[in-house]
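For reference, the structure is listed below as structure tokens.
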Amino acid sequence: MYANVYITPASSEQKDDLQSILLVDDFEAHLELMTAILEGEGYRVMASSDANEVLKGLKAGGFSPDLAVLDVMMPAMSGYELCKRLKGHYGKRYFPVILVTGLAQLEDKLTGLEAGADDFFSKPFNPKEIVAKIRSLLKLKMLQDELDHTEDMIFTLAMAVEAKDNYTRGHSERVSVLSARVAERLGLPEKEITNIRKGGILHDIGKIGVHEDILHKKEALSKDELEIIRRHPATGTEICKPLRTLHQILPAIRHHHERWDGHGFPDGLRGECIPLMGRIISIVDSFDAMVSIRPYRNGLSVDEALRVIMDEKTAGQWDPFIVDRFMETVNSGSEAIRVLYGHK
Ligand SMILES: [Fe+2]
């Protein structure tokens, strides 16, 4: 029965809404018992005695469980290995895995945790205990999925706002790519590089609150219109603030228009008081704006824009140290940068 993947038969429309649990164990009597317990608790079960069949089915998109309970000792593939592969399959998305084993040594537990397992149960275990653990991990997964979903929506919103505008289409993507390159050049840790990449995408999301007539105006902006434009870093911060997962990116959104000499906005921060991600995005943002066509002027070539930046290096807009790292980044990858800017 379990050589392929057994899936709780759909007996009503509601079944599709059930949370589903993947069970993998080479001992069929255990599968049968656990399947009965979990179906009795209202879960949909996907059960198999063959780890390879499970991986094949997942890759083919045949089923999509919310959590896995894996036996450790299996002949074709250990539960540790399967756990690693499942975690790899889901990548950044949270996918909880419980390992079950007859082994009760601390070392086995450590191996399980190293494989990425979220919990470890030794046989014989109390079914009520494992059901309680499943319930709490699924709750955690639901919260995590909601957060991921909201974060995805904000990124989609940022891209959608920009895609509407002929003049800024692709701007955030380019700022994101180039800022991440500068961050790599600075030797920042991977996590910070990722944050800067995300910050590049979201830095102008606050422009959602600025009317297109102002964004596209060819003539000089009035004092009031300038004031509205200058609000976008604060508006963007307010949009992203409620999302805990974006907290580390907020400095990029709020501070990408600060100036090294303290005359920027919205907070007039000066020098190293400006968060590093703000200082990096500020220069890449300016460079991208210079080479882009705007309603009121044509774009510069890449070389012209680089000359302007070098000429202005000590004029007070940017951190001179970051200007040098930016120039190194562009010069070391000049062909790729020109591709990014359509060989300008
Ligand atoms: Fe901006």
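Overview of values
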item: Residues located in the stretch 57-101, provided they are open to solvent by less than 70 Å² (accessible area, probe 1.4 Å) and assigned to a helix (DSSP H, G or I); result: Gly57, Leu58, Gly79, Tyr80, Glu81, Leu82, Cys83, Leu86, Lys87, Gly88, Tyr90
item: Options Ile337, Ile253; residue that is in contact (Cβ under 8 Å) with a residue 40 or more places away in the chain and under 23 Å from Leu221 (Cα atoms); result: Ile253
item: Tally of residues being over 18 Å from Ala289 (Cα atoms) and within 16 Å of the ligand (Cβ to nearest atom) across the stretch 241-253; result: 3
item: From His263, His256, residue being assigned by TED's automatic domain parsing to the domain that holds Lys191, loosely packed, with under 13 Cβ neighbours inside 10 Å and either within 16 Å of the ligand (Cβ to nearest atom) or not basic (Lys, Arg) (or both); result: His263
item: Qualifying positions in the stretch 105-125 - closer than 24 Å to Leu33 by Cβ and either open to solvent by less than 80 Å² (accessible area, probe 1.4 Å) or not assigned by TED's automatic domain parsing to the domain that holds Phe63 (or both); result: Asp108, Gly112, Ala117, Asp118, Asp119, Phe120, Phe121, Ser122, Lys123, Phe125
item: Residue within the stretch 129-140 that is hydrophobic (A, V, I, L, M, F, W, C), open to solvent by 80 Å² or more (accessible area, probe 1.4 Å) and over 23 Å from Gly299 (Cβ atoms) present; result: yes
item: Members of the stretch 197-216 that are within 13 Å of Phe155 (Cα to Cα) and crowded, with 18+ Cβ neighbours inside 10 Å; result: Arg197, Lys198, Gly199, Gly200, Ile201, Leu202, His203, Asp204, Ile205, Gly206
item: Selected residue (criterion: nearest to Arg169 (Cα to Cα)) from residues of the stretch 292-329 that are at pLDDT 90 or above, in a helix (DSSP H, G or I) and open to solvent by less than 20 Å² (accessible area, probe 1.4 Å); result: Ala305
item: The stretch 3-34, residues that are within 19 Å of Ile134 (Cβ to Cβ), among the hydroxyl-bearing types (Ser, Thr, Tyr) and either at pLDDT below 90 or not assigned by TED's automatic domain parsing to the domain that holds Tyr80 (or both); result: Tyr6, Thr8
item: Residue match in the stretch 189-196 (condition: within 13 Å of the ligand (Cβ to nearest atom) and open to solvent by 50 Å² or more (accessible area, probe 1.4 Å)); result: no
item: Ile229 within 12 Å of the ligand (Cβ to nearest atom), without any contact (Cβ under 8 Å) to a residue 40 or more places away in the chain and not basic (Lys, Arg); result: yes
item: Unmet requirement for Leu38, which otherwise passes all of (1) touching a residue at least 12 places away in the same chain (Cβ under 8 Å); (2) of a type outside the set (Ser, Thr, Tyr); (3) touching a strand residue (DSSP E or B) at 6+ places or on another chain (Cβ under 7 Å); (4) surrounded by fewer than 21 Cβ atoms within 10 Å (Cβ to Cβ); result: (4)
item: Tally, over the stretch 197-226, of residues that are in contact (Cβ under 8 Å) with a residue 40 or more places away in the chain, away from the ligand (no atom under 13 Å from the Cβ) and under 21 Å from the mean Cα position of the chain (by Cα); result: 1
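Let's see how each residue does on (1) within 27 Å of Asn195 (Cα to Cα); (2) at pLDDT below 85:
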residue: Gly88; (1), (2): yes, no
residue: Arg93; (1), (2): yes, no
residue: Gly102; (1), (2): no, yes
residue: Leu106; (1), (2): no, yes
residue: Ala117; (1), (2): yes, no
residue: Pro127; (1), (2): no, no
residue: Met142; (1), (2): yes, no
residue: Asp145; (1), (2): yes, no
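The values are calculated or read from the model by the stated rules, or taken from the named source; none is laboratory data. It should be emphasised that the depicted structure is a prediction, and the values quoted were computed from it without experimental measurement. Here Cβ is always computed from backbone atoms with ideal geometry, including for glycine, and neighbour counts include all displayed protein chains. Heads up: the accessible areas ignore ligands, DNA and RNA and are worked out on the full protein's heavy atoms, side chains in. Shrake-Rupley method; radii C 1.70, N 1.55, O 1.52, S 1.80 Å.
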